[in-house]
Amino acid sequence: MSVRWRLDVAYDGTSFSGWAAQPGLRTVEGELSDWIGRVLRLDGPPVLTCAGRTDAGVHARGQVVHVDLPAESDASRGGPIDTGTLLARRLPRALPDDLAVRAVTRAPDGFDARFSAVWRRYVYRLWDSPADADPLRRHHVVLHPDALDDALLSAAGADLLGLHDFAAFCKRRDGATTIRTLETVNAVRLADGTIEVTVRADAFCHSMVRSLMGALTAVASGRRDIQWLRGLLTLGERAGEIGVMPPHGLTLEEVGYPADDELAARAVEARATRQLPEVDA
């Protein structure tokens, strides 16, 4: 009998070529599926589904993955054992230092790591002064060349909240919609000078967060104004003037899911193509 398992995963993206498995490249999906297959002595790596594919160099503290596996495994010397128990016991010892599975649980009925999610929360970390840059954190925080007004950064982000076509901020993929609901953009400057920008949405299209950061920092540095930012939402296509910020400042921090009895319905809803509401002329 096949059972769906939920894995809560964290990784330092520095040495990974992103989440998605690619021939000849070290990826999170490739590494994780390979080790699951080896730990359980499967015929080959299992198929994994994640809440949000991350690009090369992007980190995760709260990635969520599901995988369909047998309820019990014969990979234990003492006979069949609960597969989740075996994974939770053996994966932490097997995985490399830059990849961790924090929890393995049997997924509720209807759970889909990708389509059942109702929101994803990312944090982008910046320094805007060389004096604040910490060499020990250089793979997780980006040094921006200009001074940034963090209050203006939050205010600019507030102008983008809601249901919009974010095509200007996304790398177009055939058949994929760029309509998203942006729920939160909030910038906070910490005592050590680090600016943490929290961005939350129902979902993100390819490179959307890093492009948002490129546009928001352009406003927060004074190089662009709010009117320019607002105008981006009307373009309907990728805006070449938006700089895509480096990947290593970005971390997937958390993924939110509805109550167990709403998981299946949410998955159906998320698969439907998003549309903007009609506006009367």
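Return a yes/no flag: does the stretch 1-15 have any residue that is free of Cβ contacts under 8 Å to residues at least 40 places away in the same chain, surrounded by fewer than 19 Cβ atoms within 10 Å (Cβ to Cβ) and either small (Gly, Ala, Ser) or in a loop (DSSP other than H, G, I, E, B) (or both). No, every residue in the stretch 1-15 fails to be free of Cβ contacts under 8 Å to residues at least 40 places away in the same chain, surrounded by fewer than 19 Cβ atoms within 10 Å (Cβ to Cβ) and either small (Gly, Ala, Ser) or in a loop (DSSP other than H, G, I, E, B) (or both). Need the failing condition index for residue 276 against (1) touching a residue at least 24 places away in the same chain (Cβ under 8 Å); (2) assigned by TED's automatic domain parsing to the domain that holds residue 143; (3) over 23 Å from residue 113 (Cα atoms), just the number. Result: residue 276 passes all but (2). Quick one: would you say residue 99 is touching a helix residue (DSSP H, G or I) at 6+ places or on another chain (Cβ under 8 Å) and touching a residue at least 40 places away in the same chain (Cβ under 8 Å)? Answer is yes for this residue.
Find the residue count for the stretch 152-166, including only residues that are touching a helix residue (DSSP H, G or I) at 6+ places or on another chain (Cβ under 9 Å) and either surrounded by fewer than 15 Cβ atoms within 10 Å (Cβ to Cβ) or among the hydrophobic types (A, V, I, L, M, F, W, C) (or both). Qualifying residue count, the stretch 152-166: 6. Got at least one residue in the stretch 174-196 being part of a strand (DSSP E or B), of a type in the set (Asp, Glu) and either in the same structural domain as residue 145 (by TED's automatic domain parsing) or modelled with pLDDT of 95 or more (or both)? Yes, there is a match, as at least one residue in the stretch 174-196 is part of a strand (DSSP E or B), of a type in the set (Asp, Glu) and either in the same structural domain as residue 145 (by TED's automatic domain parsing) or modelled with pLDDT of 95 or more (or both).
The condition (being more than 20 Å from the chain's Cα centre (by Cα) and surrounded by fewer than 18 Cβ atoms within 10 Å (Cβ to Cβ)) is satisfied by just one residue among 223, 172: 223.
Please pick out the residue among 241, 262 that is over 27 Å from residue 124 (Cα atoms) and without any contact (Cβ under 8 Å) to a residue 60 or more places away in the chain. Exactly one of 241, 262 is over 27 Å from residue 124 (Cα atoms) and without any contact (Cβ under 8 Å) to a residue 60 or more places away in the chain, namely 262. Selection of first residues in the stretch 71-84 that are over 17 Å from residue 43 (Cα atoms) and in a helix (DSSP H, G or I) and of second residues that are of a type in the set (Gly, Ala, Ser) and modelled with pLDDT of 70 or more, restricted to Cβ pairs under 9 Å at least 6 apart or on distinct chains, gives the following pairs, ordered by first then second residue: 84/71. Each residue in the stretch 108-151 was checked for being out of contact with any helix residue (DSSP H, G or I) (no Cβ under 8 Å at 6 or more places or on another chain), not hydrophobic (A, V, I, L, M, F, W, C) and not in a loop (DSSP other than H, G, I, E, B), and 6 pass.
In the stretch 102-139, the residue that is nearest to the chain's Cα centre (by Cα) out of those that are crowded, with 18+ Cβ neighbours inside 10 Å and either free of Cβ contacts under 8 Å to residues at least 40 places away in the same chain or over 24 Å from residue 263 (Cα atoms) (or both) is 123. For residue 189, the test of being touching a Ser or Thr at 6+ places or on another chain (Cβ under 6 Å) and surrounded by 15 or more Cβ atoms within 10 Å (Cβ to Cβ) is failed.
So residue 44 clears everything in (1) assigned to a helix (DSSP H, G or I); (2) more than 26 Å from the chain's Cα centre (by Cα) except one condition, right? Which one? It fails just one condition, (1).
Filtering the stretch 234-281 to residues that are in contact with a His (Cβ under 8 Å, 6 or more places away or on another chain), modelled with pLDDT of 95 or more, outside any helix (DSSP H, G or I) and not β-branched (Val, Ile, Thr) leaves 250, 252. Beta carbons closer than 9 Å, at least 6 apart along the sequence or on distinct chains, pair a first residue in the stretch 199-211 that is under 17 Å from residue 249 (Cβ atoms) and touching a residue at least 12 places away in the same chain (Cβ under 8 Å) with a second that is β-branched (Val, Ile, Thr) and part of a helix (DSSP H, G or I) for 199/209. Listed by first and then second residue, the pairs with beta-carbon distance under 7 Å, at least 6 apart or on different chains, first residue in the stretch 164-185 and under 11 Å from residue 204 (Cα atoms), second in a strand (DSSP E or B) and of a type in the set (Lys, Arg), are 166/180.
The values are calculated or read from the model by the stated rules, or taken from the named source; none is laboratory data. Everything numeric here is computed off the predicted structure, so don't read it as measured data. Note that each Cβ is placed from the backbone with ideal geometry, even for glycine, and that neighbours are counted across all protein chains shown.
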